[in-house]
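The values are calculated or read from the model by the stated rules, or taken from the named source; none is laboratory data. Nothing here was measured: the structure is a model prediction, and the numbers come from that model. Glycine also receives a Cβ, built like all others from the backbone with ideal geometry; neighbour counts cover every protein chain displayed. The protein model used for the area step is the full one, side chains on, heavy atoms only, and it has no ligands, DNA or RNA in it. Shrake-Rupley method; radii C 1.70, N 1.55, O 1.52, S 1.80 Å.
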Amino acid sequence: EELPWVERYRPESQNDLAVQKKKIEEVESWLKTHIFQRQPKQGGSVLLLTGPPGCGKTATLQILARDLGLQVQEWTNPLSLDFTKEDLRNMFGHDSNFHTFPSQAQAALFQDFLLRANKYNKLQMLGESSENDKKLILVEDIPNQFYRDPGSLHEILRSFVRRSRCPLVFIISDNFSGDSNQRSLFPAEIVEELGICNISFKPVAPTNMMKVLNRIAAAEACMNRENYTLDRPSLELLCRGCSGDIRSAINSLQFSSTKGCSLEKEFWLKKKKSSTIKCEEAVVSKVRKKSKCETSEDQEIQAIGGKDASIFLFHALGKIIYCKREAVLEAECPQLPAHLSGHRRDTLLIQPEDIVEKSHMSGSTFNLYLHQNYVDFFTDIDDVVRASDYLSTADVLCSNWSARLVMESYSASVATRGVIHSNTSRAFAHQQGGMGFRPLHKPQWFLINKKYQENCIAAKSLFSSFCLPPECLQTELLPYLAMLANPMRNQAQIAFIQDVGRLPLKRHFGRLQLEALGDKDPGVPELSHGDSDAEALPCSQSSGSDLPGSQPQPVAAQALLEEEELRIEEYDSD
C-alpha cells in the first residue's frame, strides 16, 4: 500500500500500455530481427528510443522483452562511496584544481560493463531453464562524461558494433530547451556509420491517458480506500495539464485523490461548481461556448500536479504560419467601421505569445525563423509587404542592446501577430488559402554568421602584420590588395583575398543552400568558433594550414597570379 501508484499500477501486458500500437510493433519487429534472425557473424546492433518524458519508452521495452523471453541487463551509473575525509580535503582544499578524483572514470566502467554483458550469460539458478539465453543491454542512465566528450562514446560504440553478439538499446528523453542530448551523443554521421535505428515516441494521447486513469480510479474504488474520487471532467482537466506525460498524470491523480489533501479537494470542488454555473448561463453558440471553456481551462489549469507544456520549434512555427481560426457568426463579431472592414478576421485558435513561450526560444531567435519561412505561405505581394513591415518594426524594438531583454517579448508579439494578420488568404476559417504544406528551413543568418566568424579568424591569422581589426581587414585592406598584383604574398593570403576581397563576377546571385528544419531540431545551432578561438591562433601563423575548414585552401601560385583568369566562385554552404 505504500508503493506509489506509478509502481502499483505499472503495465503488465501490451494492452495496458498507453502507447501507439504502431510504435509497439516497430520496437517488437526490430527486436525479433536483430535477436532471433541474427546471422552468426553479424556484429552488434544499436537501437535508440527517443520521445518526451513519460511516453512509455521504458515500459514498452520491458514488456516486449518479457513477452519475447529476453534477459535485460541494464546499466546504472555507479556511486562511489569510498570517499574519506582526506579525499574530500584534497578535492576541495585551497590547492585543489578539481583534476583528480579518487574513483575510476565512468567511461572505463561503462566499457567494462559492455564487455562483461556481451561475454557472459546470467547465472542459472536452481530450477531455471537454460533453453533461452537471448538478452539485450539497456542504457537509460548515460554517464555524464559522454556529454562532455561524445567522441569517447562513439569509439566505444564502434568497438561494440564490431564485436558484440547482442543488441544495445539507448533510451533518451527529448529536451525542449534546445540542448539536445540526442543531437550531441548521436549525430547524423554516427547514426549512419553504425546503422543505429531511431524510433521516436509521441506524447500519450488524451484518450489513452483517460483509459489508464479510469482503470486506476476504478481499481482504487473497488479496494474501498478512503480517497477522494475525481469525476470525469476533473480527470479530463488533469490529462490536459500533464502534456502527454502518463507518469506525471498518475502521480497527480494519486496526490489529488489523497484524503488529507484539502487544498486539492477544495480546488476540484471549486472547478466543479464553476463548471455547473457555466452550464446554467444564457445560451450562446456552441463554437463560442467551446472557445470560452478551453480558454478558462488553460488559464485555470490544476493548482497541483500541473506540468508546463512545451512545443518543438517545428510545430510552433507551423501554428503561427498556418494560423488556424474558428468560424464566428457576423451577429457575434464586433462591427468595424467601413474604412477598417478589411481588417476583420475570425478568432484565432492559438495565442501567439503562448506559442513562443512554450517553444523555449528567445523572441529574437523565433523572429529569425519566422522571417526565413513566412514568404512561402503568402499568395499576395501586398500581404508580404505588410508582413515585412511588421517584422521590420519588431527588429527595431530589439535594436537597443540595453533594452533588448525587456523588449524581446514585445518584439515577438508584434512579429507573430503581424505575420498572422497580414496573411489575408487565411483570414477566415472557411478559407483554404495559402500555399499548402511547405517545408521549413533554418535561417540563412546562421550560415552567414558562421562564415563571418571563420573569415575573422582567418583574416587575423593571415594578415596579423597589418595590426588591424578583422572587420577593417575585410572591408578596407583586402579589397585594396585584391586590385594589386603583388607576388610577395603567399598562397594562403592570395586564396583568402580571392574569396573575400572581390565581389563575384556572376551577373545573377543565387541563394545559399537552405538547411531543412526537422520536427525535433533545436532552435539554436551548435556553437561555432568564436572570438576565443581567434585569440588562440598564434599571430605568426600565415601558412593557412590551421585555417577553418570552410576557408579556401592554397592552390598553385602561378594560376592565382594571372589576374585576368581570376574568377570568384560563389559561396555555397553545405
Quick one: in segment 295-350, which of the residues that are among the small types (Gly, Ala, Ser), part of a loop (DSSP other than H, G, I, E, B) and more than 30 Å from the chain's Cα centre (by Cα) is modelled with the highest pLDDT?
Ala327
Of everything in segment 17-27, what is without any contact (Cβ under 8 Å) to a residue 60 or more places away in the chain and either in contact with a strand residue (DSSP E or B) (Cβ under 6 Å, 6 or more places away or on another chain) or open to solvent by 40 Å² or more (accessible area, probe 1.4 Å) (or both)? Give them in sequence order.
Lys21, Lys22, Glu25
Considering residues that are of a type outside the set (A, V, I, L, M) and outside any helix (DSSP H, G or I), the number found within segment 446-480 is 3
Based on this model, can you work out whether Asp174 counts as open to solvent by 40 Å² or more (accessible area, probe 1.4 Å) and within 21 Å of the chain's Cα centre (by Cα)?
no
Quick one: what pairs do we get from segment 403-414, first residue assigned to a helix (DSSP H, G or I), second surrounded by fewer than 15 Cβ atoms within 10 Å (Cβ to Cβ), C-beta under 7 Å, 6+ apart or different chains?
Val414/Thr393
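Take the residues in segment 35-59 that are more than 29 Å from the chain's Cα centre (by Cα) and open to solvent by 40 Å² or more (accessible area, probe 1.4 Å); name whichever of them is nearest to Glu192 (Cα to Cα). First the steps, then the outcome.
Filtering segment 35-59 for residues more than 29 Å from the chain's Cα centre (by Cα) gives 35-43.
Narrowing the set further to residues that are open to solvent by 40 Å² or more (accessible area, probe 1.4 Å) leaves 36-42.
Values: Phe36: 23, Gln37: 22, Arg38: 20, Gln39: 21, Pro40: 23, Lys41: 21, Gln42: 17 Å.
The selected residue is Gln42.
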Any residue at all in segment 40-59 that's at pLDDT below 55 and outside any strand (DSSP E or B)?
no
Identify, by number, the condition in (1) open to solvent by 60 Å² or more (accessible area, probe 1.4 Å); (2) within 16 Å of His421 (Cα to Cα); (3) at pLDDT below 90 that Val385 doesn't meet.
(3)
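Output the residue which, of all residues in segment 1-39 that are assigned to a helix (DSSP H, G or I) and of a type in the set (Asp, Glu), is nearest to Pro206 (Cα to Cα). Give the steps one after another, and end with the answer.
Looking only at segment 1-39, we keep the residues that are assigned to a helix (DSSP H, G or I), and these are 5-8, 14-16, 21-36.
Still in the list and also of a type in the set (Asp, Glu): 7, 16, 25-26, 28.
Working: Glu7: 21, Asp16: 15, Glu25: 21, Glu26: 22, Glu28: 24 Å.
Once the filter is applied, the top-ranked residue is Asp16.
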Output the residues belonging to segment 392-445 that are of a type in the set (D, E, K, R) and buried (at least 19 other Cβ atoms within 10 Å of the Cβ).
Glu408, Arg426, Lys442
